[in-house]
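Q: Just passing along the structure, written as structure tokens.
The values are calculated or read from the model by the stated rules, or taken from the named source; none is laboratory data. No experiment lies behind these values; they were computed from the predicted model shown. Note that each Cβ is placed from the backbone with ideal geometry, even for glycine, and that neighbours are counted across all protein chains shown.
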Amino acid sequence: MASFSIKQEFKNDDQYNTSREMWESISQFIPKDKTIWEAFMLENTTSKSMDYLTELGHEVVGSPEIDFFTSNLGDIIVSNPPYSIKARIFQRLSELDKPFILILPVSTITKQFVKKLHREKLQIIVPDKRLQFIKGEDQLKRAWFDTMFLCYKMNLEKDITFI
């Protein structure tokens, strides 16, 4: 099988950053004693997510040069992955079998690649409003679709948590 890299597959529509407000809303669900792997960064960029999560008291590792499909860092993955390659990402997540919290469109929960995970270990955090992403330097844009935080092996108190 040919080597696959996020750097090769990133689409322009994938280039939305996560606002600090989003990470603040779920920070309480991320264990402080675990190292977060921010696995999805574009080449030649800095990760605002890494900065925000660090400011919120979490230890975060990651780099645009590290390929998600060949690496395995940290204790948990907390990220906003590129939506255009979700199926490949979930194939790798299944191989890693590592806890994660990912920001994804709500419709993702119905996809076969999600259903291949251990369903009893899936949980969802549902925001109280549509999330705003950062496009470009600092332009906030509200998503035109509903999003969720899909959690795997996070051992939250409830399977569906509304925030």
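Q: Return the total of residues in the range 23-44 being farther than 21 Å from Leu104 by Cβ and at pLDDT below 95.
A: Residues of the range 23-44 that are farther than 21 Å from Leu104 by Cβ, as a first pass: 32-33, 35, 43-44.
If we keep only those that are at pLDDT below 95 too, we end up with 43-44.
Number of matching residues: 2.
Q: Being of a type in the set (Val, Ile, Thr) and outside any helix (DSSP H, G or I) is the filter; apply it to the range 72-98 and report the residue that is surrounded by the most Cβ atoms within 10 Å (Cβ to Cβ).
A: Residues of the range 72-98 that are of a type in the set (Val, Ile, Thr), as a first pass: 76-78, 85, 89.
Now narrow it down to the ones that are outside any helix (DSSP H, G or I): 76-78.
Values: Ile76: 20, Ile77: 25, Val78: 30.
Per the criteria, the residue is Val78.
Q: Name the residues in the range 99-154 that are of a type in the set (Val, Ile, Thr), modelled with pLDDT of 85 or more, buried (at least 16 other Cβ atoms within 10 Å of the Cβ) and farther than 16 Å from Val78 by Cα, would you? Give the steps one after another, and end with the answer.
A: Filtering the range 99-154 down to residues of a type in the set (Val, Ile, Thr) leaves 101, 103, 106, 108-110, 114, 124-126, 134, 147.
Narrowing the set further to residues that are modelled with pLDDT of 85 or more leaves 101, 103, 106, 108-110, 114, 124-126, 147.
Filter once more, so that each one left must be buried (at least 16 other Cβ atoms within 10 Å of the Cβ): 101, 103, 108, 114, 124-125, 147.
Of everything in the range 99-154, those that are of a type in the set (Val, Ile, Thr), modelled with pLDDT of 85 or more, buried (at least 16 other Cβ atoms within 10 Å of the Cβ) and farther than 16 Å from Val78 by Cα turn out to be Thr108, Val114.
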